[in-house]
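Just below is one structure, and these are the notes that go with it.
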Amino acid sequence: TAANTIFLQSTAPLYLLLIGPWLLHEPIRRPDVVVMIALACGLALLLAGTQPTVASAPDPATGNLLALLSGVSFAFGLAGLRWLARSDAVPPALVAANVLAFVFCLPMALPVTSSRPVDWLIILGLGCVQVGLAYRLLAAGVRHVPALEVSLLLLLEPVLNPIWAWIVHGESPGHLSLAGGAIVLAATTSRTLLTWLTASPAEG
């Protein structure tokens with residue numbers, strides 16, 4: 001389901017805590033360890049829950065695995081952006097990444113059998129605003145905050161995602177999935193708030 005997908009992708013901070021000291025030389029602090037434990041518990045609940053097969057989620061087990069791998073790759077992507085930000089190389093890297101994604105995904109989108117002008121307008125809007133503008137703002141913001149905090153701030157989106165999926169597609173996540181997702185979101189949100197509250201005026 002969309003809920004499991006977004007929650008599993010939201011475990012990216014867990015992997016950033018593990019690779020941050022190695023790739024970015026950003027130390028792990030005591031609150032980070034608490035977040036890591038909470039994320040691990042939430043991840044375990046997400047993977048333990050069983051989900052009924054529905055039209056929009058025909059293979060939940062495979063979907064969970066792919067979403068989990070998405071979280072891992074998301075963590076490495078954010079770590080790479082943080083590393084590139086030190087040399088002002090983020091914009092070219094983002095352009096190259098999106099060109100590669102386009103080339104890789106294009107064969108799976110072809111052939112286009114039928115389309116309407118409104119379909120192309122929607123795709124154009126999503127590409128320019130939902131992806132292009134979002135990446136531009138991310139490239140600007142990643143210069144000023146650690147990779148872990150970037151990933152935590154990006155998790156504001158998952159709060160509404162399962163609600164929209166429930167309204168539009170009628171997806172109802174299982175109890176364990178909801179509990180795991182709640183733990184993931186609570187841990188990451190609390191860590192972000194703690195960072196803001198304890199930051200000095202110079203850091204803010």
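The values are calculated or read from the model by the stated rules, or taken from the named source; none is laboratory data. Predicted model, so just to flag it, every value in this text is computed and none were measured. A quick note on method: Cβ atoms are made from the backbone with ideal geometry, for glycine too, and the neighbour counts reach across all protein chains shown. We work out accessible area using only protein heavy atoms, side chains counted, and drop any ligands, DNA or RNA first. Shrake-Rupley method; radii C 1.70, N 1.55, O 1.52, S 1.80 Å.
Based on this model, can you work out whether Pro31 counts as surrounded by 14 or more Cβ atoms within 10 Å (Cβ to Cβ), within 28 Å of Thr198 (Cα to Cα) and of a type outside the set (Ser, Thr, Tyr)? No: the conditions fail for Pro31. Is the stretch 58-68 home to any residue that is open to solvent by less than 30 Å² (accessible area, probe 1.4 Å), at pLDDT below 85, outside any helix (DSSP H, G or I) and of a type outside the set (Asp, Glu)? Looking through the stretch 58-68, none of the residues is open to solvent by less than 30 Å² (accessible area, probe 1.4 Å), at pLDDT below 85, outside any helix (DSSP H, G or I) and of a type outside the set (Asp, Glu). Is one or more of the residues making up the stretch 88-95 of a type in the set (Val, Ile, Thr), farther than 20 Å from Ala134 by Cα and open to solvent by 10 Å² or more (accessible area, probe 1.4 Å)? The answer is no; no qualifying residue exists. For the stretch 1-57, the candidate set comprises residues that are hydroxyl-bearing (Ser, Thr, Tyr) and not in a helix (DSSP H, G or I); within that set, the residue that is nearest to the chain's Cα centre (by Cα) is Ser10. Is one or more of the residues making up the stretch 153-160 within 26 Å of Gly181 (Cβ to Cβ), open to solvent by less than 40 Å² (accessible area, probe 1.4 Å), of a type in the set (A, V, I, L, M, F, W, C) and modelled with pLDDT under 80? Yes - at least one qualifying residue is present in the stretch 153-160.
The one condition from (1) at pLDDT 85 or above; (2) part of a helix (DSSP H, G or I); (3) open to solvent by 80 Å² or more (accessible area, probe 1.4 Å); (4) not basic (Lys, Arg) that Pro111 does not meet is (2). Tell me which of these Ser73 doesn't satisfy, since it passes every other one: (1) at pLDDT 80 or above; (2) open to solvent by 90 Å² or more (accessible area, probe 1.4 Å). If we test Ser73 against (1) at pLDDT 80 or above; (2) open to solvent by 90 Å² or more (accessible area, probe 1.4 Å), just (2) comes out false.
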